[in-house]
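Student: The structure's right below; bear with me while I get my questions together.
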Amino acid sequence: MKKETSIILIFFVLIMIPTIFFSCRSQTNWGITFSQKESLRLNGEWQNTYEAIIEELKPNKIRLVGYWDFIEKNKSIYDFSEMDSMVEKAREREIPIILAIGQKTPRWPECHVPPWAEDDPNKETYLLEYLRVFVDRYKNLPNLLYWQVENEPFLGKEKCSPSSETFFKKEIDLVKNLDPDHKIVLTDSGELGNWEETAKYADVFGYTLYHKVYDTRWGTFKVDRTKKYFTNKAKTIRESIHPNLEVICIEASMEPWGAVTNERLGSEQYEIFTVEDLRYNLDFAKKLRPQFNEVYLWGAEWWYYAKNNGHPEYWDEIKQLNKWSPL
């Protein structure tokens with residue numbers, strides 16, 4: 001009897017080990033970026049949108065943005081009440097968060113500098129002080145995963161881009177000195193960036209993923225990149241920087257991109273980006289694994305907007321993500 005039991009146990013273990021191993025390697029760990037500003041622009045509020053994202057979509061992780069011009073509207077007067085609310089909601093649900101900070105942060109036009117500081121010759125000094133206050137406030141959060149310092153810092157020459165690589169390094173060093181216990185994720189365009197310029201300062205490198213983009217010359221068009229394209233770029237920066245550098249997809253676009261903001265596109269927005277486009281993008285994100293298992297989706301505020309304007313199919317599709325099965 002003991003011998004038969006042992007044989008059954010061994011057989012069960014041999015069957016289960018490959019299944020468990022394959023599942024762990026294959027499952028996508030997906031997150032969402034939430035922009036308070038984008039929600040206000042699209043939906044006229046952000047609280048209900050954020051609540052619905054957490055309660056209905058149930059993301060594994062969330063990237064939140066600490067907009068400088070929202071928190072320090074007046075010099076040296078900080079209002080963290082809304083940021084605290086978002087952070088606390090994620091903490092209650094034990095959702096790991098990335099906190100993106102700086103002057104060039106997610107969501108167009110990306111320059112989020114308070115008007116009082118824009119043309120001040122001491123702007124960089126004020127920015128460093130803002131970073132210090134922000135990091136000190138949130139560095140002990142039990143669910144803090146990473147800091148993100150600036151967004152695609154070397155892509156384009158925006159007014160709010162770091163004035164120099166030296167100053168960008170100063171921002172990173174400040175955050176690391178204030179909080180040596182959390183890694184810093186730095187980002188670049190998946191399609192346009194050379195990655196190495198930013199990745200050399202990163203603990204974690206995040207790239208963007210866009211399949212439909214807009215250009216004033218050609219309108220909205222598809223950008224076809226293969227999995228090999230991204231794995232080769234990751235291999236290159238690992239070879240030149242660090243063999244174990246963690247690389248994630250920080251911004252996988254799942255919304256329309258047209259000549260004007262989405263709400264001004266009217267019905268055209270649902271033609272520019274159909275639910276079939278959404279499914280295609282999600283399928284591509286799944287195919288990035290096991291090399292890139294961590295993917296942050298971009299467009300949550302728009303899915304909520306679309307749902308409330310007669311197009312719930314995008315929201316419903318995303319709701320199925322927590323049911324993704326291994327390939």
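Throughout, read-outs are computed from the coordinates displayed, never taken from laboratory work. These figures come from a predicted structure and were not determined experimentally. All Cβ positions, even for glycine, are placed from backbone atoms using ideal geometry, and neighbour counts span all protein chains on display.
Student: Starting from the amide H of Lys212, placed 1.01 Å from N in the peptide plane, find each other amide H under 5 Å away whose residue is 5 or more places distant or on another chain.
Tutor: Long-range HN contacts for Lys212: Val223.
Student: Given the Cα atoms of the chain, and with Rh set as the inverse mean 1/r over their pairs in the Kirkwood sense, what is Rg to Rh to two decimals?
Tutor: Rg/Rh for the chain comes to 1.00.
Student: In which sequence would His311, His112 go, from the one with the fewest C-beta neighbours within 10 Å to the one with the most?
Tutor: So the residues, fewest neighbours to most, are His311, His112.
Student: Grab the DSSP H runs of the chain that are 4 residues or longer, score each as -39,500 (n - 2.57), total them, divide by all residues and round the 222 nm result to the nearest 500 deg cm²/dmol.
Tutor: On the way: 14 runs with 140 residues, N = 327.
Roughly -12500 deg cm²/dmol at 222 nm, from the helical runs in the chain.
Student: Turning to a different aspect of this structure: Given contacts defined as C-alpha pairs under 8 Å and at least six residues apart, what's the relative contact order of the chain, whole-number percent?
Tutor: Reported as a whole number, the value is 20 percent.
Student: Hey, what do the phi angles of segment 49-57 turn into as Karplus ³J(HN,Hα) couplings, whole Hz, using 6.51/-1.76/1.60 and θ = phi - 60°, x for Gly and Pro?
Tutor: Going residue by residue, I get 4, 5, 4, 5, 4, 6, 7, 9, 7 Hz, with x marking Gly and Pro.
Student: Per the Kirkwood formula on distinct C-alpha pairs, the Rh of segment 28-129 is how many angstrom? Walk me through the intermediate numbers first.
Tutor: Values: mean 1/r = 0.0687 Å⁻¹.
Its Kirkwood hydrodynamic radius stands at 14.6 Å.
Student: Follow-up question, since we're still on this one. At 10 °C and a viscosity of 1.306 mPa s, what translational diffusion coefficient does Stokes-Einstein give for segment 206-327, taking Rh as the Kirkwood radius over Cα pairs? Give it in µm²/s as a whole number.
Tutor: D = 101 µm²/s.
Student: Nearest 10 degrees is fine. How inclined is helix 81-92 to the longest principal axis of the chain, computing both from alpha carbons?
Tutor: Result, in degrees: 10.
Student: When the convex hull of the Cα atoms of segment 219-289 is projected onto a plane and the area is averaged over all directions, what value comes out in nm²?
Tutor: Directional mean of the projected Cα hull area for segment 219-289 stands at 5.9 nm².
Student: Return the inverse of the average 1/r over all pairs of distinct C-alpha atoms in segment 85-146, which is the Kirkwood hydrodynamic radius, in Å to one decimal.
Tutor: 13.2 Å
Student: Net charge around Val185, counting only other residues with Cβ within less than 13 Å of its Cβ (Lys, Arg = +1; Asp, Glu = -1)?
Tutor: -3
Student: Hey, another quick one. Starting at the first residue of segment 144-155, write each ³J(HN,Hα) from the Karplus equation 6.51 cos²θ - 1.76 cosθ + 1.60 with θ = phi - 60°, in whole Hz, x for Gly and Pro.
Tutor: Once θ is set to phi - 60°, the couplings for segment 144-155 become 6, 9, 9, 9, 10, 9, 6, 10, 6, x, 9, 8 Hz.
Student: Additional query: Write down the Å³ per residue value for the convex hull defined by the alpha carbon atoms of segment 59-183.
Tutor: Once divided by residue count, the hull of segment 59-183 is 105 Å³.
Student: Here's a follow-up. Percent antiparallel among DSSP beta bridges with both residues in the chain, to the nearest 5?
Tutor: The answer is about 15 percent antiparallel.
Student: Fewest first, what order do Tyr130, Tyr214 take by the number of other Cβ atoms within 10 Å?
Tutor: Tyr214, Tyr130
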